[in-house]
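The values are calculated or read from the model by the stated rules, or taken from the named source; none is laboratory data. This is a predicted model, so every value here is computed, not measured. Because the Cβ atoms are built from the backbone with ideal geometry, glycine has one as well, and the counts that use them run over all protein chains shown. The protein model used for the area step is the full one, side chains on, heavy atoms only, and it has no ligands, DNA or RNA in it. Shrake-Rupley method; radii C 1.70, N 1.55, O 1.52, S 1.80 Å.
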Amino acid sequence: MYYKGPIDNISDYNKEVPYNLGVEQEILGTILNNNELLIQVSDFLSVDNFFVPIHQKIFHAINTLIDRGYVATPITINTYLEKDTAFKESNTNSHQYLLELVKNAQIINNLQSLGKTIHELYIRRQIIQICNETVTDALKYDQL
């Protein structure tokens, strides 16, 4: 038997995970404004570090275009993403969203601190996921 006490529903642990929408948007908008700033976060920030699926797609597209020697702008990224299902499923106009990212981005020359914030929130989400899985497994175990 497993314990059926106050922790009856393991999904109670999944109510909210740490992420920062504004910081994700700021990083993407800033890089779209100045592609050269990507180098400041490229050694530690990855697609998976972003929580919002469309931000993951945008960051991947930025990296892909820059790696291929192109300039990543709202227009080039939109061409790359306009038929992506993540935008369609979220009812988000990719071109309009990309323009808003650029428009709302502050002029920041040091993206490392923002990138580290996104990376640290990702690490926290991973820890929460591992802990949730451990608790779930522990509750399922019915014999010693």
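How many nm separate the modelled label positions at VAL17 and ARG68, each set 7 Å beyond the Cα in the direction of the Cβ?
2.9 nm
Would you compute, from DSSP H runs of 4+ residues alone, the mean residue ellipticity of the chain at 222 nm, taking -39500 (n - 2.57) per run and dividing by the full residue count, rounded to the nearest 500?
-18000 deg cm²/dmol
Placing unit charges on C-beta atoms (Lys and Arg positive, Asp and Glu negative, everything else neutral), compute the dipole magnitude of the chain about its Cα centre in debye, rounded to 20.
160 debye
On the protein heavy atoms, probe 1.4 angstrom, tell me the percent of accessible surface of the chain carried by carbon and sulfur.
53 percent
Modelled label-to-label distance, THR134 and THR117, 7 Å Cα→beta-carbon offset: nm?
Using points 7 Å along Cα→Cβ, the separation is 2.9 nm.
Which pairs in the list LYS57/LYS103; LYS88/LYS116; LYS57/LYS88 are over 24 Å apart, alpha-carbon to alpha-carbon?
Table pairs above 24 Å Cα-Cα are LYS88/LYS116.
Rg and Dmax in Å for the chain, alpha carbons only: what are they?
So, for the chain, Rg and Dmax equal 18.9, 60 Å respectively.
What accessible area per residue, rounded to a whole number of Å², is obtained for the chain using a probe radius of 1.4 Å?
Using a 1.4 Å probe on heavy atoms only, each residue of the chain averages 64 Å².
Take the Cβ-Cβ distance between THR79 and ASP48 as r, set R0 to 22 Å, and report the resulting FRET efficiency rounded to the nearest 0.05.
FRET efficiency, THR79 to ASP48: 0.35.
I need the shape label for segment 27-84. Rule: rounded when a/c is under 1.5, else prolate if a/b > b/c, else oblate, with a, b, c from the alpha carbon gyration tensor.
oblate
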